[in-house]
1. Place a point 7 Å from the Cα of residue 232 along the Cα-to-Cβ direction; which residues of the stretch 108-138 have their backbone N under 20 Å from it?
2. In sequence order, what are the phi-derived ³J(HN,Hα) couplings for the stretch 170-179 according to the Karplus relation 6.51 cos²θ - 1.76 cosθ + 1.60 with θ = phi - 60°, rounded to whole Hz, with x for glycine and proline?
3. Using alpha-carbon pairs under 8 Å, 6+ residues apart, how would you state the relative contact order of the stretch 30-231 in percent?
4. Put a dot 7 Å past each Cα toward the Cβ at residue 38 and residue 187; how far apart are the dots in nm?
5. Run through the stretch 97-197 and list the GluC sites (Glu not before Pro) located in a DSSP loop whose Cβ has at most 10 other Cβ atoms within 10 Å.
6. Kindly list the residues of the stretch 73-98 that lie in the label zone of residue 54, defined by a backbone N under 13 Å from the point 7 Å along the Cα-to-C-beta vector.
7. Report, in listed order, any pair from 51/107; 122/229; 51/141; 79/217; 97/141; 51/122 with a Cα-Cα distance greater than 18 Å.
8. For a Förster distance of 35 Å, can you work out the FRET efficiency between the beta-carbons of residue 92 and residue 212, rounded to the nearest 0.05?
Amino acid sequence: MEYQLKILVTLILFVISACSSLNKPPPFTDSLAYKNNRSVISIPVRIHLLKSNVSRDITAVISSEELEEMFNVVNLIWKQAGIKYETESITYLNAYKDEQYSEALSKTSNLTPQQKNRAMNKVCNITKKSDRVLNLCVIGKTVRGLGGIYFGGRSPKVIWPTITPYGRTKLNPATLAHEFGHYLGLKHNSEEDIYLMRGRGNNMRRNGQYEYILFTKREITSSRKVAMKLFNE
Ligand SMILES: [Zn+2]
């Protein structure tokens, strides 16, 4: 009898210890660190709306409500990285060398893709350099129907169109979120279609499945590092 009691006590102790081990926090991993402990990094965005008297295809046409809507989606996508883009200001910017850019946009243009890109870089002539804001140039049409483009160098900026190859009403916040990724040093990956930084052929995010868009863990770590360095130190 005493022996049976001993076994029972041992069993009860075993169950208690098994339960208490269930209550222990799970091992500390990177993903948990992001879920529980990371702070939100704010990035101020200076929005320049391009304006031109030469061509209607250069002028950005977008309302402040539409811009807000775009940023809401961009922030929904970037939430998993703990990064938030905030409008610092919205101002108009006169297009620089519009004639040249208009030529680059023309279907009969003989310019090479690189020359077209250069013309687009020039037309958004953001001279005032600031390390503490992300410069976004909103344009009418981009060359080669690009969904957006990032230019590095001394005055880094993102250019994003309000007239896409699909028309004026098909604004795509996912391409904007993608270019912000380049701004924060991310390169294209060859993950599945729904990853933000996938290169070409990203139809799922193009089709508005914004809430499913993903980052790799490594992209989250590195973009946060760059964002801290550029905007929060
Ligand atoms: Zn890209």
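All of the numbers you see were taken from the coordinates with simple rules; none came from a lab. Worth saying up front: this structure is predicted, and the values here are computed from it rather than measured. Virtual Cβ from ideal backbone geometry, glycine too; neighbours counted across all protein chains shown.
1. Of the residues in the stretch 108-138, 131-135 have backbone N under 20 Å from the label point off residue 232.
2. Using θ = phi - 60°, the values come out as 9, 5, 10, x, 5, 5, 5, 4, 5, 5 Hz.
3. Values: 347 pairs, mean separation 46.4, N = 202.
Dividing the mean separation by the residue count of the stretch 30-231 yields 23 percent.
4. Distance between label points: 2.1 nm.
5. In loop regions of the stretch 97-197 (DSSP not H, G, I, E or B), the sparsely surrounded GluC sites (Glu not before Pro) are 192.
6. 94-98
7. Over 18 Å Cα-Cα: 51/107; 122/229.
8. Values: r = 35 Å, r/R0 = 1.01.
After rounding to 0.05, the efficiency reads 0.50.
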